[in-house]
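As structure tokens, the structure follows; a few thoughts come after it.
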Amino acid sequence: MEKIIDESVQGNSLSLKKDEKNTRNLYIESYGCSMNFSDSEIVASILANEGFNTTQELENADLVLVNTCSIREKAETTVRKRLEKFNAIKKNRPHMKVGVLGCMAERLKSKLLEEEKIVDMVVGPDAYKDLPNLIQEIDEGRDAVNVVLSKDETYGDISPVRLNTNGVSAFVSITRGCDNMCTFCVVPFTRGRERSRDPQSIIDEVNDLGAKGYKEITLLGQNVDSYLWYGGGLKKDFDKASEMQIATAVDFANLLDMVAVAQPKMRIRFSTSNPQDMSLDVIRTMAKHDNICKHIHLPVQSGSNDILKKMNRLHTIEEYFDLIDNIKKIIPDCAFSHDMITGFPTETEEDHKATLAVLDYVKYDYGYMFAYSERPGTLAARKMEDDIPNDVKQRRLSEIIALQREHCLLRTKNHLNKIQEILIEGISKKDDTMWMGRNSQNVVAVFPKENYKVGDFVNVKMNDCTSATLIGEAVDFGKSN
Ligand code: SAM
């Protein structure tokens, strides 16, 4: 697996302010997508009420939780290595318990307890409210497992604690699960069927973040454009909804509008979009509100219609180009990013060239690019031979990454000599005299600190750039403050 943007957050342990009443220490480490990081905040919130403070030192932990990812084999290998590390620590700390959360827990279920002898607890993504009972089980010396997937769990009633926060940006989850059944993807099996969260609980959480001084939220889901609230329940059961439920249903364009209006000073982002579900209503809503950022993460996975069909992506490449063209007409300065998979079963050199042609057509601002990794249980694993040799997958991946790099530079250069509003997120990693933030298009910008502070919107003149970072100087405060 290779990515263009850095993986620095993977495996981060998370911590929050100590509560003197709490007596036990929780070490929680997260892997995978933003959804997992957001879920860890829900878990920490539940456990803060069960007597746990968070710690960032494994050696002080009474309970170690690892929130896992199954999307590619490498993600699982990384977690298994971490479990070996926890095992070594447990030798000196026999009372320490270890729990596996998230997608690996769901995929492997109690097999994990048998395979990884040190694991005490296995909890799937829909079972976190059961953690107090499960912890009681392990405290009493029994292994504990809950991997039941739910039709309606959205954790809408849990106010997540914000872990390792910069106090500026936060995730707000709006859907859970996925119904797309892309043939390569394990998500429908590990996170269950798609369901949407009550819009009022989303607005309440966003307003609460606004009151706490947050300046940017990202609405999260595997497929946010498919958001549909009609009073609760699975998306697939919408055809059984009553007339009243249909008339009062809230879709993603409605939700975006509600959030943008509720917090007009807050920046709003969303991820991930699936081309087959993205409507032009969503794009018009983006255009209508200055505070909705002009960036869309729009995975395509392949440029070949034959491969798209085998992936069950439910759109053609021509339809994808139409969508991109229409978005550019409505929002000319919209930035795009993508996910791409190389070496899907049967992929020919022609298919690969079609993928390179998509990059050339869209000229994405950035992208996440992966070599196909066969995942047990998926339709591709059951019906198709993983027939592209690893060296071919890797060569095609390198070609895609090289082309994407050229486009990153091209796109970043487009911002040069402009004055753009940047939201300061923190100190630049490379130079502590500089602030780091992003523009609406999600491009990172750095500039000298002067008297500005974290959380300020600042108008910055862009003087120079690398392929992924703008280098500028502050002009004055932005209008969004
Ligand atoms: N829901 C989004 C979608 O369908 O476009 C994102 C799903 S996934 C969490 C993130 C990315 O991982 C996918 O877009 C895909 O590019 C990649 N991915 C998923 N399964 C994969 C596999 N078996 N091998 C390699 N990459 C994979």
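Residue count for segment 120-164 satisfying the condition of being open to solvent by 30 Å² or more (accessible area, probe 1.4 Å), touching a Leu at 6+ places or on another chain (Cβ under 9 Å) and touching a residue at least 60 places away in the same chain (Cβ under 8 Å): 6. Residues in segment 41-77 that are outside any loop (DSSP other than H, G, I, E, B), touching a residue at least 40 places away in the same chain (Cβ under 8 Å) and within 16 Å of the ligand (Cβ to nearest atom) were compared, and the one that is least open to solvent (accessible area, probe 1.4 Å) is Ala75.
Among the residues of segment 292-312, which ones are part of a loop (DSSP other than H, G, I, E, B) and either under 17 Å from Phe336 (Cβ atoms) or open to solvent by 20 Å² or more (accessible area, probe 1.4 Å) (or both)? Matches in segment 292-312: Cys293, Lys294, Leu298, Pro299, Val300, Ser302, Gly303, Asn312. Would you point out the residue of segment 221-252, among those that are assigned to a loop (DSSP other than H, G, I, E, B) and of a type in the set (Gly, Ala, Ser), that is nearest to the ligand (Cβ to nearest atom)? The residue in question is Gly221. Can Glu406 be described as open to solvent by less than 50 Å² (accessible area, probe 1.4 Å), of a type outside the set (Phe, Trp, Tyr) and under 26 Å from the mean Cα position of the chain (by Cα)? Against the criterion (open to solvent by less than 50 Å² (accessible area, probe 1.4 Å), of a type outside the set (Phe, Trp, Tyr) and under 26 Å from the mean Cα position of the chain (by Cα)), Glu406 does not qualify. Residue check: Ala88 meets all listed conditions (1) part of a helix (DSSP H, G or I); (2) in contact (Cβ under 8 Å) with a residue 40 or more places away in the chain but one, namely (2).
Out of the residues in segment 454-481 that are among the hydroxyl-bearing types (Ser, Thr, Tyr) and open to solvent by less than 60 Å² (accessible area, probe 1.4 Å), state the one that is nearest to the chain's Cα centre (by Cα).
For segment 454-481, the residue satisfying everything is Thr469.
All of Ile424, Ile400 fail the test of being within 16 Å of the ligand (Cβ to nearest atom) and open to solvent by less than 60 Å² (accessible area, probe 1.4 Å), apart from Ile400. Please determine whether any residue of segment 320-342 is in contact with a Ser or Thr (Cβ under 6 Å, 6 or more places away or on another chain), among the hydroxyl-bearing types (Ser, Thr, Tyr) and open to solvent by less than 20 Å² (accessible area, probe 1.4 Å). No, segment 320-342 contains no residue that is in contact with a Ser or Thr (Cβ under 6 Å, 6 or more places away or on another chain), among the hydroxyl-bearing types (Ser, Thr, Tyr) and open to solvent by less than 20 Å² (accessible area, probe 1.4 Å).
Kindly establish whether Lys81 is surrounded by fewer than 18 Cβ atoms within 10 Å (Cβ to Cβ), at pLDDT below 95, assigned to a helix (DSSP H, G or I) and within 16 Å of the ligand (Cβ to nearest atom). Against the criterion (surrounded by fewer than 18 Cβ atoms within 10 Å (Cβ to Cβ), at pLDDT below 95, assigned to a helix (DSSP H, G or I) and within 16 Å of the ligand (Cβ to nearest atom)), Lys81 does not qualify.
Just to be sure, is Asn451 open to solvent by 60 Å² or more (accessible area, probe 1.4 Å) and either assigned to a strand (DSSP E or B) or touching a residue at least 40 places away in the same chain (Cβ under 8 Å) (or both)?
No: the conditions fail for Asn451.
In segment 350-369, is there at least one residue being of a type in the set (Ser, Thr, Tyr), open to solvent by less than 70 Å² (accessible area, probe 1.4 Å), farther than 30 Å from Arg191 by Cα and away from the ligand (no atom under 14 Å from the Cβ)?
No.
Just one residue in the set Val186, Val206 is within 16 Å of the ligand (Cβ to nearest atom) and open to solvent by less than 10 Å² (accessible area, probe 1.4 Å); that residue is Val186.
The values are calculated or read from the model by the stated rules, or taken from the named source; none is laboratory data. Just so you know, these numbers come straight off a predicted model, no measurement behind them. Counting neighbours? That spans all protein chains shown, and the Cβs are built from the backbone with ideal geometry, glycine included. What goes into the accessible areas is simple: the full protein's heavy atoms, side chains included, and nothing from ligands, DNA or RNA. Shrake-Rupley method; radii C 1.70, N 1.55, O 1.52, S 1.80 Å.
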